[in-house]
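Presented below is the structure to which this report refers.
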Amino acid sequence: MAFPPERVVIIGGGVTAARTAHTLRDLDEPCAITVLSEEALPPYDRPPLSKEALLTEPAPPPTTLLSLDEAAARGIDLRLGHRVVGLDAAARLLKVDRVEEPVPYDKLVIATGARARSLPVLEGLPRVHHLRTAEDAARIRSALESHERLVLVGGGFIGLEVAAAARIRGVEVTVVEVAPRPLAGVLGEEVAMHLQQWHSDRGVRFHCGVSITGAIDRGTHVELSLDDGTVLEAGCVVLGVGVHRELDWIAGTGIETHLGVVCDHNGRTNIPEVFAAGDIACVHDGGACRGGSHWTAAVESGQRVAYGLLGLEQEQEIDEAYFWSYQGDLRLMSVGHRTPSSVMHLVSGDLASGKFVVEWREGDAVAGAVAVNSARDFLHSRMALRGSKGALAR
Ligand SMILES: Cc1cc2nc3c(=O)[nH]c(=O)nc-3n(C[C@H](O)[C@H](O)[C@H](O)COP(=O)(O)OP(=O)(O)OC[C@H]3O[C@@H](n4cnc5c(N)ncnc54)[C@H](O)[C@@H]3O)c2cc1C
């Protein structure tokens, strides 16, 4: 008697969900694949949302990663507008919002990503925007088309990408950042200073070391009060204060959660046949639990989890914490980590020229590297980091 094919259900509508589904099909497994995404659009790529989507004329359509036609051709049951709100891990059933019939699975992949964090003081204000979805990007683009003044709350990578795009569009930009300098914690003081100067040279104003204490919508603009007494006026506000992982619907299911869904490098959670990948996943690494929020890690984990749930191991774990950030014509790439005990070495170019690579080294071992407008030289540091991994682990 032939057994029915295994039912793999993937929750999520981002790059991780798409990559997991594609990899399962590429591996030629005869499993039934269902993708449940709450979004109305088929899975698309998010990095262009803070870059091309705000600038290119006319507004480009989202970069689709798994269209409905492709899903049908590959035998993937892609269900849009399906928000999962509950899970019975013992019965292997999912509850979908406003859908009566539960969705059964044999193997489950949670790839629900992350959501943009909000600030209570700015909640409910119509001129305040987040940036996570294609709809968010379209709203911000139209706000930039009709307003002359933008305040960005949070000087992280996405915030600074929006700042660069807004300046190219001729919009006045002020960044409000709670830390003394945007991104200094990630990039180190010298590189962060270079980056801030780059934006200042293009007209971005910075208010650092301050927080927002109040906000009032005046009908034509928002008035933001800062804790140093400054009042800023903005036609629109974009919030870029990080992400949070939505775990409420997982609470009580027995799945271990911490910053995200806790899993091993192959995406296995503590519950049999339940896997996690992408931004929602929080990987156990020794004592620490690391959550990711970068595109390359999401893609790799989506692929890895597909192998893992079929009982196949991928040869080598690639965890370089690689990411890029394109801010106007500034191309930043980073790999590895700036550790507390590492020391910065300039290995190519110089900061003043705006073209350089720095490495963070622990002794001779490379723990991390950042490149600005130096893609080729960055490759050497990336290779050096790979070579150093063994040394750093010892
Ligand atoms: C504007 C922007 C720019 C970025 N730029 C860069 C960059 O330049 N470089 C870089 O390295 N990284 C960048 N990133 C990060 C990168 O895009 C993310 O790491 C990646 O999108 C993570 O993919 P994911 O599929 O795990 O999660 P997500 O992309 O968050 O997708 C999760 C999906 O699951 C859906 N979902 C959530 N909960 C449920 C539920 N209960 N039921 C059903 N569906 C659900 C969500 O609606 C969403 O479709 C950027 C991110 C953003 C938002």
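The values are calculated or read from the model by the stated rules, or taken from the named source; none is laboratory data. Here the structure is a predicted model, which means the values were calculated and not measured. Cβ placement follows ideal geometry from the backbone for every residue including glycine, while neighbour counts extend to all protein chains displayed.
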Problem - Residue in the stretch 19-42 that is surrounded by fewer than 24 Cβ atoms within 10 Å (Cβ to Cβ), closer than 14 Å to Gln303 by Cβ and among the acidic types (Asp, Glu) present - result: yes
Practice task
Kindly indicate whether any position in the stretch 210-225 is touching a helix residue (DSSP H, G or I) at 6+ places or on another chain (Cβ under 8 Å) and surrounded by fewer than 20 Cβ atoms within 10 Å (Cβ to Cβ).
Solution key: yes
Practice task
Among the numbered conditions (1) of a type in the set (Gly, Ala, Ser); (2) outside any helix (DSSP H, G or I); (3) surrounded by 15 or more Cβ atoms within 10 Å (Cβ to Cβ); (4) out of contact with any strand residue (DSSP E or B) (no Cβ under 8 Å at 6 or more places or on another chain), tell me where Ala137 comes up short.
Solution key: (2)
Practice task
Considering each residue of the stretch 295-314, count those that are within 13 Å of the ligand (Cβ to nearest atom) and surrounded by 19 or more Cβ atoms within 10 Å (Cβ to Cβ), and give that number.
Solution key: 10
Handout entry: In the stretch 146-187, the residues that are in a loop (DSSP other than H, G, I, E, B) and within 21 Å of Ser211 (Cα to Cα)
Key = Gly154, Gly155, Gly156, Val178, Ala179, Pro180, Arg181, Pro182, Leu183
Practice task
Go through (1) modelled with pLDDT of 95 or more; (2) more than 16 Å from the ligand (Cβ to nearest atom); (3) of a type in the set (Val, Ile, Thr) one by one and return the number of the condition Val370 breaks.
Solution key: (2)
Fill in the blank from the handout: Scanning the stretch 105-135 residue by residue, those within 16 Å of the ligand (Cβ to nearest atom) and farther than 30 Å from Asp227 by Cβ turn out to be Tyr105, Leu108, Val109, Ile110, Ala111, Thr112, Gly113, Thr133, Ala134, Glu135
